[in-house]
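To start, the structure under review is shown below, and the notes come after it.
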Amino acid sequence: MPEGRSTSAPVLATHGLSRHFGGLVAVHDVSISLRQGELHAVIGPNGAGKTTLVNMLSGEIKPTAGRVELDGREVAGEPAWRMTRLGIGRSFQRTNIFLSLSVLENVRLAAQAMGVPQPCGRTSAALAGGGSLRAGFRDRRGKLIPLKPLGSTSTTNRMTSPSTSSLRSVRS
């Protein structure tokens, strides 16, 4: 086993995952094992099945064969909304963001849409009421970054265009 590789149980694993569209085999016999703290990439040419694989992992489409396990629980074929609630989310290649909102506002809006509880103690309903905001996200040092009301005029963390800004998350 390579040095530094985790021996913990996989958070997400596939076993013999395949997807056929009629006679077309988009994904064939893919087995992967992803552990917390690891970073992986799915690479390949156009038409190699990368998007189909991600769609199966996120519940957008059902596999033709094989298993998907999340924390040891079989989840292959679960609908996307349930996969999201279980903790599997995905982003699309198109950056459908609101340019007039900050990065945090875009993330907050996405979290609200998926029913994720507001971080740091305030609920979506309380935030929507326009009361004082003491909710937010914590940075790597633990400092609270407060959320501003949607549509605020603040220019901090403002995105200028989808092509010049990116938001990514890596588990540590």
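Rule-based calculations on the coordinates, nothing more; no lab input. For clarity, every value in this text was computed on a predicted model and none was experimentally measured. Virtual Cβ from ideal backbone geometry, glycine too; neighbours counted across all protein chains shown.
Here are some notes:
- Restricting segment 46-104 to residues that are on the phi > 0 side of the Ramachandran plot and either in a loop (DSSP other than H, G, I, E, B) or hydrophobic (A, V, I, L, M, F, W, C) (or both) leaves a set whose member that is surrounded by the most Cβ atoms within 10 Å (Cβ to Cβ) is Gly59.
- Of the residues in segment 56-74, at least one is closer than 21 Å to Phe92 by Cα, small (Gly, Ala, Ser) and touching a Pro at 6+ places or on another chain (Cβ under 7 Å).
- Residue count, segment 19-44 (criterion: surrounded by 12 or more Cβ atoms within 10 Å (Cβ to Cβ) and either more than 22 Å from the chain's Cα centre (by Cα) or farther than 21 Å from Gly89 by Cα (or both)): 5
- Candidate set from segment 67-81 (those that are touching a strand residue (DSSP E or B) at 6+ places or on another chain (Cβ under 9 Å) and aliphatic (A, V, I, L, M)); member that is farthest from His28 (Cα to Cα): Leu70
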